[in-house]
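This report concerns only the one structure given below.
The values are calculated or read from the model by the stated rules, or taken from the named source; none is laboratory data. Everything numeric in this text was worked out from a predicted model, so none of it was measured. Counting neighbours? That spans all protein chains shown, and the Cβs are built from the backbone with ideal geometry, glycine included.
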Amino acid sequence: MSSRLPVVVFGAYGHTGRFVVDELARRGIPSVLAGRDAAKLRIMSEARSGGESRVALVDEPASVDKALSGCRAVINCAGPFIDTAAPIVEAAIRAHIPYFDVAAEQKAVFDLFERFARPAEKAGIVVLPALGFYGGLADLVTTVTMGEWTNTDEVVIAVGLDGWHPTLGTRRTGCRNQGPRFVFTEGKLVSRDPEADTDWAYPAPLGSQPVVRLGLSETIIIPRHLRTSEIRFLLNLAPLRDIEDPSTPPPVAVDERGRSSQVFLVDVVVQKGSEKRRTIVRGRDIYAVTAPIVVEAVERVTHNLTTKVGVLAAGQAFDARDFLNQFRSCYPGLEIFEP
């Protein structure tokens with residue numbers, strides 16, 4: 001696959017999409033800006049010295065096919081993904097190019113595994129959903145933490161945020177994503193509403209915090225390739241209160257990369273019998289950190305650094321430790337440590 005071909009970014013003018021386009025440019029990868037709003041595409045293209053843009057609507061397959069024409073891969077940043085993922089994957093299969101997205105929505109990710117595993121394998125392409133802060137990051141960290149273990153009794157993923165100023169896209173997705181939520185318990189997915197869990201002792205700067213157990217895309221992708229009986233995905237209450245408050249403003253950039261001041265922690269603990277292993281990731285801005293994750297995946301797939309095809313999890317497709325080491329070098333201020 002020619003490295004001179006561009007990568008098309010759907011939802012390029014959205015908050016996360018802009019980070020993705022900038023990360024592609026930082027690595028010298030040409031991009032095509034795509035989305036349904038011609039005016040927003042034009043403004044963004046002009047701001048980036050005339051980069052190519054293509055209007056495409058997911059309910060008009062011909063326009064999606066045209067947007068993908070002559071590109072080496074497609075990154076979908078256009079949520080809600082329960083509406084956009086399937087039509088764009090179908091177009092990627094027709095075009096025989098890999099598909100990537102940054103979905104946190106369980107249903108969208110589950111549907112891609114269920115609907116497109118065989119079609120993607122038959123087409124010989126990679127489909128990699130949930131390559132963002134929620135989903136791919138925890139999957140990669142869990143894979144590294146398990147190491148040589150082939151199975152584990154429990155995986156705990158404790159995400160801690162010092163606050164959450166949601167984007168308009170996050171709010172829209174929350175309103176649209178009203179289906180059942182799933183947790184992974186006793187070796188299977190079970191529908192369950194969020195529930196209070198034991199307070200979690202986060203590392204600095206958060207410390208001990210009340211948390212809830214809920215389900216995001218990690219619960220879907222990790223059991224696809226790692227054997228465990230239980231996955232507890234925990235989130236502290238402070239960011240949930242921010243999300244629930246309609247007056248909470250969107251994120252504000254405070255540095256040259258456009259990142260906000262938000263601090264995040266991803267604390268992963270795996271247990272097998274009496275033995276525990278732990279890995280911690282600490283950094284800034286959950287939206288901005290998504291960009292180097294998904295772009296690193298694109299680089300690896302389009303340079304044939306994975307031999308697998310079909311619908312895959314990040315930890316299944318790549319050498320997780322090597323991926324995280326490279327990703328860390330692309331994101332200033334990110335810390336990954338194993339206490």
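Restricted to segment 306-325, and to residues there that are at pLDDT below 95 and touching a helix residue (DSSP H, G or I) at 6+ places or on another chain (Cβ under 8 Å), the residue that is surrounded by the most Cβ atoms within 10 Å (Cβ to Cβ) is T306. The condition of being assigned by TED's automatic domain parsing to the domain that holds R171, among the small types (G, A, S), out of contact with any strand residue (DSSP E or B) (no Cβ under 8 Å at 6 or more places or on another chain) and without any contact (Cβ under 8 Å) to a residue 60 or more places away in the chain holds for only one of S329, S261, S274, that being S274.
Scan V141, V102, V64, V55 and give me the residue that is at negative phi, at pLDDT 95 or above and in the same structural domain as F264 (by TED's automatic domain parsing). Selected residue: V141, the only one of V141, V102, V64, V55 that is at negative phi, at pLDDT 95 or above and in the same structural domain as F264 (by TED's automatic domain parsing).
Looking only at segment 56-87, count how many residues are in a loop (DSSP other than H, G, I, E, B), touching a residue at least 60 places away in the same chain (Cβ under 8 Å) and closer than 21 Å to R4 by Cα.
3
Could you tell me whether A47 is surrounded by fewer than 18 Cβ atoms within 10 Å (Cβ to Cβ), in contact with an Asp or Glu (Cβ under 8 Å, 6 or more places away or on another chain) and of a type in the set (A, V, I, L, M)? So A47 does not fit the description; no. Being part of a helix (DSSP H, G or I) and either closer than 20 Å to N177 by Cβ or among the β-branched types (V, I, T) (or both) is a property that holds for T145. Among the residues in segment 148-159, are any in the same structural domain as P249 (by TED's automatic domain parsing), more than 23 Å from N304 (Cβ to Cβ), in contact with an Asp or Glu (Cβ under 6 Å, 6 or more places away or on another chain) and surrounded by fewer than 20 Cβ atoms within 10 Å (Cβ to Cβ)? The answer is yes, given that some residue of segment 148-159 is in the same structural domain as P249 (by TED's automatic domain parsing), more than 23 Å from N304 (Cβ to Cβ), in contact with an Asp or Glu (Cβ under 6 Å, 6 or more places away or on another chain) and surrounded by fewer than 20 Cβ atoms within 10 Å (Cβ to Cβ). Consider I93 carefully, then state whether it is outside the structural domain of K276 (by TED's automatic domain parsing), assigned to a helix (DSSP H, G or I) and more than 15 Å from the chain's Cα centre (by Cα). Yes. Being part of a helix (DSSP H, G or I) and of a type in the set (G, A, S) is the filter; apply it to segment 20-51 and report the residue that is nearest to the chain's Cα centre (by Cα). So the residue we want is A25. Among the conditions (1) touching a strand residue (DSSP E or B) at 6+ places or on another chain (Cβ under 6 Å); (2) over 23 Å from E299 (Cα atoms); (3) of a type in the set (S, T, Y), the only one that S63 does not satisfy is (1).
Annotation note: Cβ proximity below 8 Å between a residue of segment 108-123 that is buried (at least 18 other Cβ atoms within 10 Å of the Cβ) and a residue that is basic (K, R) and outside any helix (DSSP H, G or I) (sequence gap 6+ or interchain) occurs for no pair.
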